[in-house]
Each structure stands twice: as structure tokens, then as C-alpha cells.
1. Does the range 436-443 include one or more residues that are in contact (Cβ under 8 Å) with a residue 40 or more places away in the chain, in contact with a helix residue (DSSP H, G or I) (Cβ under 6 Å, 6 or more places away or on another chain) and surrounded by fewer than 24 Cβ atoms within 10 Å (Cβ to Cβ)?
2. Are any of the residues in the range 407-416 more than 13 Å from ASN324 (Cβ to Cβ), open to solvent by 40 Å² or more (accessible area, probe 1.4 Å) and not hydroxyl-bearing (Ser, Thr, Tyr)?
3. Looking at the range 138-151 only, could you name the residues that are in a loop (DSSP other than H, G, I, E, B) and either within 13 Å of SER61 (Cα to Cα) or touching a His at 6+ places or on another chain (Cβ under 6 Å) (or both)?
4. Filter the range 571-596 down to the residues that are in contact with an Asp or Glu (Cβ under 7 Å, 6 or more places away or on another chain) and surrounded by 17 or more Cβ atoms within 10 Å (Cβ to Cβ), then identify the one that is modelled with the lowest pLDDT.
5. Which pairs have Cβ atoms under 6 Å, sit 6 or more apart or on different chains, and link a residue in the range 401-422 that is without any contact (Cβ under 8 Å) to a residue 40 or more places away in the chain to one that is open to solvent by less than 40 Å² (accessible area, probe 1.4 Å)?
6. When you check GLY424 against the structure, is it in the same structural domain as VAL452 (by the TED database) and not charged (D, E, K, R), yes or no?
7. Check whether at least one residue in the range 456-471 is open to solvent by 10 Å² or more (accessible area, probe 1.4 Å), over 18 Å from ARG365 (Cα atoms) and in contact with a Ser or Thr (Cβ under 8 Å, 6 or more places away or on another chain), and report yes or no.
Amino acid sequence: VEVKIEVVIPEKERSKEEMSPNGKASPMIYKVNGTARHYHLEEHPIASNPYHNPKDVVEASVCHVKDLENGQMREVDLGCGKALLIKESGEFHAVGHKCPHYGAPLVKGVLSKGRVRCPWHGACFNIGTGDIEDFPGLDSLPRFQVKIEKEKVYIRASKQALQTQRRTKMMAKCISLSNYNLSSTNVLIIGAGAAGLVCAETLRQEGFSDRIVMCTMDRHLPYDRPKLSKSMDSHPEQIALRPKEFFCTYDIEVLTEMQVAAVDVKSKIAVFKDGFKMEYNKLLIATGNMPKTLSCKGKEMENVFNIRTPEDANRVVKLATSKNVVIVGASFLGMEVAAYLAERAHSVSLVELEHVPFKKFFGERVGRAVMKLFENNRVKFYMQTEVSELREQEGKLKEVVLKSGKVLRADVCVVGVGAVPATGFLKQSGINIDSKGFIVVNKMMQTNIPGVFAAGDAVTFPLALRNNKKVNVPHWQMAHMHGRIAALNMLAHGTEISTVPYLWTAMFGKSIRYAGHGEGFDDVVIQGDLDELKFVAFYTKSDEVVAVASINYDPIVSKVAEVLAVGRTIRKRDVDAVVFLSFRTGDMSWLTGKGS
């Protein structure tokens, strides 16, 4: 028996490409001297079908058809690149072998019910189509057709697809964009983060060919915001989620350095801070959060930073090199910044009100293990205290005074004490906002106002994993999913959100992966060795596992995420069996079915 694989374009996606008669690059809109103006970029179409050139095709024998059992995956080498060969329910499938997000090897991921989940950050891909089904990341996997002939397995694939290991889904374009009034759009997206971008892309993927306008207070096109604290010296173009040409090719207009000051939901008009007004038909609010600032004396002086932009992060790295750094707040941002600067700065001090970092999120035992890792890397903690004053010398920061009386030398101060939803401009709009400032949405990301949707860090939504409790989940992965669900329901698909929250953080070469929603957990069951930072922690509430975290225990978090995603309940008494079956044996048969 032979298995042959070749790249194909699904008929559904071909039809979407044919929906757009507009072959011209659309204008992007940028703010110039306070006025929104058009300009055109040279069009660089994104290649969609790698089989136009027969010389681009490679074919190689890789294995016997009986070499794979049901539920198994194998990374196979074609000489000029690799593919992931999968067998499930008696059928063979083949897709790209690397996750398009950060390049994780999918063969080490989790295969379950027609999709493979990334072992690093939890993105999911359909094994039949290669399409991305859960996030983070924007691109899908290239799909290769499988044929069975004789007793050998052959793979026939495009060299280009093997080398890029990613596929941008076919998208519609805007019809007759030049006929539109500058101050009117069908879809207006306030915010250009992950939620806003995924919403715009999903609309185009689903064949939407009317006008889409995104607006952002930022000066840059959408970028990979988590890298601001994980890779602080990255320049904007290095962390851009899409190149400029992408927005032109798919007619997604962007207004940069433009702040919405108010929304009139009755008239369907967004009013910008500079007085510019824009009418809309559908609205997505994805404004995210704004960092909290210190309330002490000296908070406004030079060299005190909230890291919000690439320029902020770059400036901190430059000023902190061989200098004294004080970080206020053992938040994810604060801890990641401390880890990044530890080898660059002369000293790094971290001030935190709690007695252990991450106590509310990871629990005291895991928090102490992480704290020890930092202390072993020259980070000094000042716990259970706050900043009372920032002192200057010749206009620049010189010292940080703590309420405990301790005085810390400081050339740079980074503030990471949390954030608040950026929804102040909506207070008089009639859109339902809760007591903490979060926009309240349903499972379809709809607000109480017809045609108005909200997504990302600024919302609370019903989480199926926690019995539809209204929660705020400020994760990068969740923002992606929110954007997709909002777009589908702008198109009246009636799609409800169904995903397991997934996040990660990286510090001193150690990655903590986390899935679920552990708010209010009452116990932590730990397997492995905390001292060696090789463990998995199960967070339980009333005997039910609600979240899991791990270090050096891949792919246990992705496996548990799949268990929760199919609706199964893991009890505290099952933890030993879960670890043994999923990590030590690799057996995933316990995923089948629902219930406990």
C-alpha cells in the first residue's frame, strides 16, 4: 500500500477568492496632521496555490501504511522539508509539521477528535483541512492530499509549503472601495490588537466584501503584544502580526493614532477625539486594558514607565543596561520584565504587596518555586510593602522609597501593578458596563445593543468551562477567539464561544503553561518536583479540576486542555491516573466520551 500526499486548496476557499472582483490594492488610512487621509501601497499578493509550478513539487517515500496505528502521528522528512503524517479513525491525513505561531513541533502535541493541539501554546488545527480552530496565531497549516497505493507511503508536496509551514486562508476583498464615503463604513473595529485583527480577517475569510475600518491609538499596525515584556528589545516591524501589504491586499483599512471619544449607538456614529465622526453598521469594541499607575509622590518623573508600546520596552532596555532597576508589582508583566533585565541591569529589585509572587494565580507553593528561580538569578524581592515615594535628582529618578522604610537605588522604574478596562469613553453610550468597567457580552460576544459587539481584555463573558459564569480572561489566546466569534455573529452565524483559556509565560528559559480558569481554586495537587522546576499542578474547586499549570512537563497542559474542551470533568481523585496515562504512556483513549 502506498500513501501519497499533495497540497490541495479546499473548494470552499477557492470560492471565497472568486467572490472579490476587485484586484486593486485598497488604501490604508493613516492620521496625518490630525486629518485622516488615504494612500496606496504597492500590492504584493499572497501566494495561495503552490502547485502552479510543477518544478515546485517534491515526492518521496516515507513509510509503510501499517507503520502508523490509529491515533498516531509521525514527522516525516521529504528532503527539502517535513510534514506531519496522521492516522485517525482508519484514515490518513497530512499537514504542516510546525505550529505557525512560534514553530512548535506538532508531533509532540495532542491529537484528539480530528484536530491537533500545539504543545506549547495550545493552538488547534483541523487535521482534515489544516485550518486553525483555536488560537493563538493567525495562519493555518498547509494541507497535503493523501493517497494509498501498494505497500509504500509517498508524500507529494509543494517545496514552498514545506518550507513556510503556514497557509493564509483565502479571503474576499472589498468591492468598489473607491465609492465609499470616508466617514462611513460597514464594520468599524475600535482597537487593533489580536481581537480586532482576527475579527477583520475572519470577516474576509467568510466572504464579507464590504468596507472594514480598524482604528487604534497606537502608531503601529497590529503587533505581538506579549513580546513587549518577553522580548523587550524587539522593534515594531519584528513583532508585526501582518505586514503592511497584507492590509492592502485584503482591503482592511487602518486608522492609527486615532482615539474614539464617544459612541452614539442610536445614530451608529463613533466620535473621535479630534472631532472626526464615522458612521458604522456593525461595531466591535476591542480596546483592551490601560495600565494602572502609581499614586505616590514623584510618579510623573522621568524614567518611570508603564510598558504599553514597543518604544516603551526599547527605552527601558536602553536605560536599564548596567543600571539599577526597580519593578513595582509581581504581575506577569513585572516578573517577565525582571527576568529579561536580570542579565542586563546592574541590579533588579521587585516590590510586591503579597508575600509570594503569583499566589492568587498559581498558588503559594508554585509561587515560592518561581520566586526561588528569580532569587537564584540575582533578582531581589521586597515583599508585603508598597512604594511611598519616588525621589529625583536633577529631574531624573534616583531612589524608590518603600512604606517599610527601605530606600532602593533606582535609575529606572517599571510599573506593573495591574490594569483597568479601557472603556471610559462608553459610560454615556448605553452599552452595559459592569461595576469594574468591563463590557458585558453574551456567548456570541454581543452587547445589549444590537449590532454592537465587544471582545478581548475589556469584556466579561460566560465561560462554559465554569458553568457559564461571567468571567474576564485577559489572555492573548482568548482575545483571538473573541474576535473570531464576534465576526461570525456579525454575519449572523449564531456561533457561541467554546474554548478553554490557555496562557504561557517564559522566565529564565523556563516556560510555564496554563490552561483552564482557576479563579477561586481551593486546593492544588502537585505531581513532580517543584525544586527542580519539573512539575504539573492541578487546581481544584469542590473536588473538580478547573485549571492546570506545568513547567518542563509538556504536553500535559495541552492534553488536559483537550479533556476539558470535549466536556469531560477531571476529579481530584483522577489526577494520578491523568498524569500516568497522558504523560508517561501517551495514551489518549480516556479522552473519548463526555462526563466524568
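The values are calculated or read from the model by the stated rules, or taken from the named source; none is laboratory data. Quick caveat, the model's predicted, so the values are computed rather than measured. Cβ: placed from backbone, ideal geometry, glycine included. Neighbour counts: every protein chain shown. All accessible areas refer to the heavy atoms of the entire protein, side chains included, with ligands and DNA or RNA removed. Shrake-Rupley method; radii C 1.70, N 1.55, O 1.52, S 1.80 Å.
1. no
2. Among the residues of the range 407-416, not one is more than 13 Å from ASN324 (Cβ to Cβ), open to solvent by 40 Å² or more (accessible area, probe 1.4 Å) and not hydroxyl-bearing (Ser, Thr, Tyr), which makes the answer no.
3. Scanning the range 138-151 gives LYS150, GLU151.
4. Among residues in the range 571-596 that are in contact with an Asp or Glu (Cβ under 7 Å, 6 or more places away or on another chain) and surrounded by 17 or more Cβ atoms within 10 Å (Cβ to Cβ), the one modelled with the lowest pLDDT is LEU591.
5. LYS403/THR385; SER404/THR385; VAL407/VAL401
6. Criteria met by GLY424.
7. Taking every residue of the range 456-471 in turn, at least one turns out to be open to solvent by 10 Å² or more (accessible area, probe 1.4 Å), over 18 Å from ARG365 (Cα atoms) and in contact with a Ser or Thr (Cβ under 8 Å, 6 or more places away or on another chain).
Residue-by-condition table, conditions (1) open to solvent by less than 10 Å² (accessible area, probe 1.4 Å); (2) in contact (Cβ under 8 Å) with a residue 24 or more places away in the chain:
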| position | (1), (2) |
| --- | --- |
| VAL473 | yes, yes |
| GLN477 | yes, yes |
| LEU488 | no, yes |
| TYR502 | yes, yes |
| GLY509 | no, no |
| SER558 | yes, yes |
| GLY567 | no, yes |
